[in-house]
Amino acid sequence: MNPFNRFALHIKYFAGIGLLASVSAHAQSSITLYGLLDAGFAYVSHTASSNGTSWSAWRFGNAVSGNRWGFKGNEDLGGGLAATFQLESGFNIGTGVLAQGGREFGRTAVVGMSSMRWGAFKLGRQYDPVVDMVSALTEDANFGLTFGTPGDVDNYDGSMRVNNSVKYLSPNFGGIQFEALYGFGGVAGSTGAGQTWAVAGGYARGPLTVAAGYFYASSGDTVGSTGVRTWNASADSPFNTVVNMGFASAHSASIARAAGQYAYGAWTGGLGYSHTEYASDGASVFAGIARYNSGSIFVNYQVDPALRLGLGYHYTMLSDVATAHYNQVDAGADYLLSKRTDLYAIAAFQRASGSTLNASGKRVAAQAVIGDYGVNSGANTQALVAVGMRQRF
């Protein structure tokens, strides 16, 4: 999911020039260098310390978009067929450290082929179809990670990618399009262990766009000396905050999502729903199935060509294994200084109630965690105010 590629700098292949010296020139081939830098600072009302105490904090970093740079390109093979590739690396703008677990190209690393008539295949590390088609219709596409589901339990913000995967993207059939993905588990003698698969479809006509999809990942068979499973799927782990870390020993994770948006003049509104399940077995620290149901609504107003305002609400409920409720409201403003540079301001508040499980499987009070900002609060409320700027190239 990279909504800013349209601002990318297109560079033609020229033999013997810098980085492209080893690439043969071809009249119908191109490479694109692109990137996005998001930097600012935020006040977070509650952040948990190592001893469990909750403190307020000022933080430097990004509050809307993940920082990234990358290359993408294509080679015309004739007959409407093209070879394609994309390499995209994420990083921490404050320290320069690689993101996505220190991977060189942790955001995306794919090669494939595309055809206007037959669609496209992509192979490598990539987003799943639900992120491609459904997340694009949520407020995540406008105001990013702080507007996401608490702890990103349903991959609203696309924090999970799928390794060793093949994805098919269909052509557009009169506004209808679909995608399918399979990620190989790679476990000898057990085809299903560690596998990931996902499907999604969408429809766009005039001001209305809708999409829905389903994602499934098997966690694999990696069990430690304590008899507890650790996540080892072709998909990244979804257990990144206290919202769902009590279910990190799950046998599998499944996510069903749907979203739609409608544009009317300067106004754009959208609705979203997701159902997430973490299933257990004998190597899990919990019993049964943990179910999260999440609903979201947003409305944006384009004040003028430069200024956009947004307001959103998220409700998430955990049921069955434990019972917790998360209510979150968000507001944002984005101002374009140019087509490549903008300033933003974000405010969000979340209240958590009820109980969930900790990493040991013990019942604990639910903690607030705003969207995919990723800061455990250590308390049942969390507020965030952030300002920053983005530069695209």
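The values are calculated or read from the model by the stated rules, or taken from the named source; none is laboratory data. Bear in mind the structure is a predicted one, so any value in this text is a computation, not a measurement. Because the Cβ atoms are built from the backbone with ideal geometry, glycine has one as well, and the counts that use them run over all protein chains shown.
Brief remarks on what is shown
- Among (1) closer than 30 Å to Val228 by Cβ; (2) buried (at least 16 other Cβ atoms within 10 Å of the Cβ); (3) in contact with a strand residue (DSSP E or B) (Cβ under 8 Å, 6 or more places away or on another chain) - the single one Ser353 does not satisfy: (2)
- Residue, farthest from the chain's Cα centre (by Cα), within region 161-207, restricted to residues that are basic (Lys, Arg) and farther than 18 Å from Ala253 by Cβ: Arg205
- The set of residues from region 334-352 being in a strand (DSSP E or B) and either basic (Lys, Arg) or more than 16 Å from Phe41 (Cβ to Cβ) (or both) comprises Asp334, Tyr335, Leu336, Thr341, Asp342, Phe349, Gln350, Arg351, Ala352.
- Qualifying residue in region 253-262 (condition: out of contact with any Gly (no Cβ under 6 Å at 6 or more places or on another chain), at pLDDT 95 or above and in a loop (DSSP other than H, G, I, E, B)): no
- Complete set of residues in region 109-167 that are part of a loop (DSSP other than H, G, I, E, B) and either at positive phi or free of Cβ contacts under 8 Å to residues at least 60 places away in the same chain (or both): Met116, Arg117, Trp118, Asn155, Gly158
- Matching residues in region 62-116 - criterion: being within 30 Å of Val385 (Cα to Cα), more than 16 Å from the chain's Cα centre (by Cα) and either buried (at least 19 other Cβ atoms within 10 Å of the Cβ) or of a type in the set (A, V, I, L, M) (or both): Gly70, Ile93, Val97, Leu98
- Residue match in region 226-236 (condition: within 21 Å of Gly288 (Cα to Cα), under 20 Å from the mean Cα position of the chain (by Cα) and of a type outside the set (A, V, I, L, M, F, W, C)): yes
- Pick from region 248-260, criterion under 30 Å from Asn300 (Cβ atoms) and buried (at least 24 other Cβ atoms within 10 Å of the Cβ), ranking: farthest from the chain's Cα centre (by Cα): Ala259
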